[in-house]
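Every number here is computed from the coordinates shown, using simple stated rules; none is lab data. All of these numbers come straight from a predicted model, not from anything done at the bench. When we count neighbours, we look across all protein chains shown, and the Cβ atoms used for this are built from the backbone with ideal geometry, even at glycine.
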Amino acid sequence: MNTQSNPGRAQAVAFANFALIKYWGKRDAQLNLPDVGSISITLDTLWTRTRVELDPTLEHDLFELDGQAGAPGSARVVALLERMREIGGSRVRAHVHSRNNFPTGAGLASSASGFAALVTAADRAYGLGLTPTRRSELARIGSGSAARSIFGGYVEMHRGNRSDGSDSIAEPLAAADDWPLEVVIAVSDRSRKSVGSTEGMQRTSQTSPFYAAWVSNQPADLALAREAIAARDFDALADVSEASALAMHGLAMSARPGLLYFNATTMECLHTVRQLRADGVPVFFTVDAGPQVKAICAPGSADAVAAALREVRGVTEILRAGLGGGAACLDKQARSSA
Ligand code: PMV
């Protein structure tokens, strides 16, 4: 165990996740308590690696992302470390080095993998020994979707009802191997999104006339997705997932001023995915707070989907993934090659 062999230092990896039933809206912005539950899949190729080193000489935590000090999100990193120090009764600050192997803040769930990796490494470095459920609760403070990246495969995030957030946690629904779907990501813009999800959610809940309907419909969509996953029913999962993604974007567009995360290429990709499905290829789409289209493919269909999306005008890059595991500490060997 790293805690014994090298106290105060740990490295963890966590993978991005994509929601099929979307989270959009908070009941408490401070603690990131969601107004709706969500269901996601955790990927196996898009990751964040984070090293946490405690340093008694530091007066402030130091956070570096992809080699850049004081990266966006630093305040949330510090807030999370503060919470973990409270739990462990420690006052020692930390150096945090984080690395993403994919674009940050571009609607590819980098905050999800980022905060899940941070909590997992800090848990080990501070010697807290937290359960995955407790790490999920803490990761949520960094970013709502990060609570889901603690677990692999198919994951449900609960809305919860308590004001302290102790029941706003994720739990696994099925393992990656139970139903090995694949993901093809059509990237059309690698830049940071103009309106981040926190601001976008706030604007939506405060100004959209449809917000209450979105919240009240969510339990029905969650139930449909849960049943589809349990039955490995691809068509049912496709229908409810596309409905949820389009409802989320319709809702965001109905905020004032409206939020437009799609670009022209996003729209072309959505039509391409719909056409593929009409032609018998088992695939459906989802889109988050950015223009990239994620095509979710039944086993065996990802090559055809990737070939079709590569041809869409404006697609600059295709990323591929399968489903992967939960956040975990890396052993010494893995750390030295990281
Ligand atoms: O938790 P955040 O702030 O990264 O928000 C996630 C929002 C969406 O990606 C659009 C939806 C989701 O459920 O992941």
Hand me the trypsin sites (Lys or Arg not before Pro) from segment 272-326 located in a DSSP loop with no more than 16 other Cβ atoms within 10 Å, in residue order please.
Arg313
Take the chain, connect every pair of alpha-carbon atoms lying under 10 Å apart with a spring to form a Gaussian network, then pick out the residue of Ser166, Ser111, Ser149 with the largest mean-square fluctuation.
Ser166
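Volume per residue, Å³, of the convex hull around the alpha-carbon atoms of segment 154-199? Don't skip to the answer; put the middle values down first.
Details: hull volume 5.3 nm³, N = 46.
Per-residue hull volume (Cα only) is 116 Å³.
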With springs only between Cα atoms under 10 Å, which of Ala220, Ala12, Ala245 fluctuates most in a Gaussian network model of the chain?
Ala220
Can you bin every Cα-Cα distance in segment 9-175 into 10 Å intervals starting at zero and give me the percent of pairs per bin, rounded to whole numbers?
12, 44, 35, 9, 0
Rounded to whole Å and ordered largest first, report the semi-axes of the equivalent ellipsoid of segment 194-272 derived from its Cα gyration tensor (root of 5λ).
25, 18, 9
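Counting Lys and Arg as +1 and Asp and Glu as -1, what is the net charge of the other residues whose Cβ lies under 11 Å from the Cβ of Leu323?
Working: positive: none; negative: Asp44, Asp177, Asp178, Glu182.
The answer is -4.
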Could you bin all the Cα-Cα distances of the chain into 10 Å bins starting at 0 and give me the percent of pairs in each, rounded to whole numbers?
6, 27, 35, 23, 8, 1, 0
Built amide H within the under 5 Å cut-off of Lys26, gap 5+
Asp35
For segment 182-322, Kirkwood radius (reciprocal of mean inverse C-alpha pair distance, Å)
15.8 Å
Just need the relative contact order of the chain here, percent rounded to a whole number, with Cα pairs under 8 Å and 6+ apart.
24 percent
